[in-house]
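The block underneath contains the structure these notes are about, expressed in structure tokens.
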Amino acid sequence: GWCPLSPAGARTTQLLVEPPWRPAVLWDGVTLTCQGSGTAGATTWYKDGQRWGQNRRDRFTVTKSGTYTCDRPGSGLGSPVTVLNDQLVLQVPAQTLLEGDTVTLRCRA
């Protein structure tokens with residue numbers, strides 16, 4: 001049998017972080033951007049699992065540590081991004097990494 005994959009269940013919203021390192025650290029001036037095929041300008045943001053503020057913009061600069069995600073009507077939730085306020089952090093590039101990839105780590109203080 002042949003069964004096509006339905007795009008209806010696919011996650012098409014992406015939460016981008018700048019600078020592109022994970023975990024993000026507050027003292028880097030982190031900007032989050034919600035991208036997706038859903039309705040622009042109708043973004044709902046969540047911080048630590050709770051609906052957060054009245055921010056409907058697709059992009060903003062983080063001012064408090066926590067775990068953020070976004071929702072765009074029609075394309076769903078983006079993957080969460082954690083923003084820390086730690087004094088020492090080990091970071092990896094904010095991209096999909098596969099076994100065998102060469103990766104640069106950053107130790108930040």
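Numerical summary
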item: Mean projected area in nm² (Cα convex hull; one quarter of hull surface) for region 14-108; result: 6.4 nm²
item: Most to least packed among 95-107, 74-86, 22-34 [average Cβ atoms within 10 Å]; result: 22-34, 74-86, 95-107
item: Computed lengthening from Thr102 to Thr12, 0.36 nm per intervening residue step minus Cα-Cα distance; result: 29.7 nm
item: Long-range HN-HN contacts of Gly36 with modeled amide H, under 5 Å; result: Gln14
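Each reported figure results from applying straightforward, stated rules to the coordinates on display, with no laboratory input. Given the structure is predicted, the values throughout are model-derived calculations rather than measurements. A quick note on method: Cβ atoms are made from the backbone with ideal geometry, for glycine too, and the neighbour counts reach across all protein chains shown.
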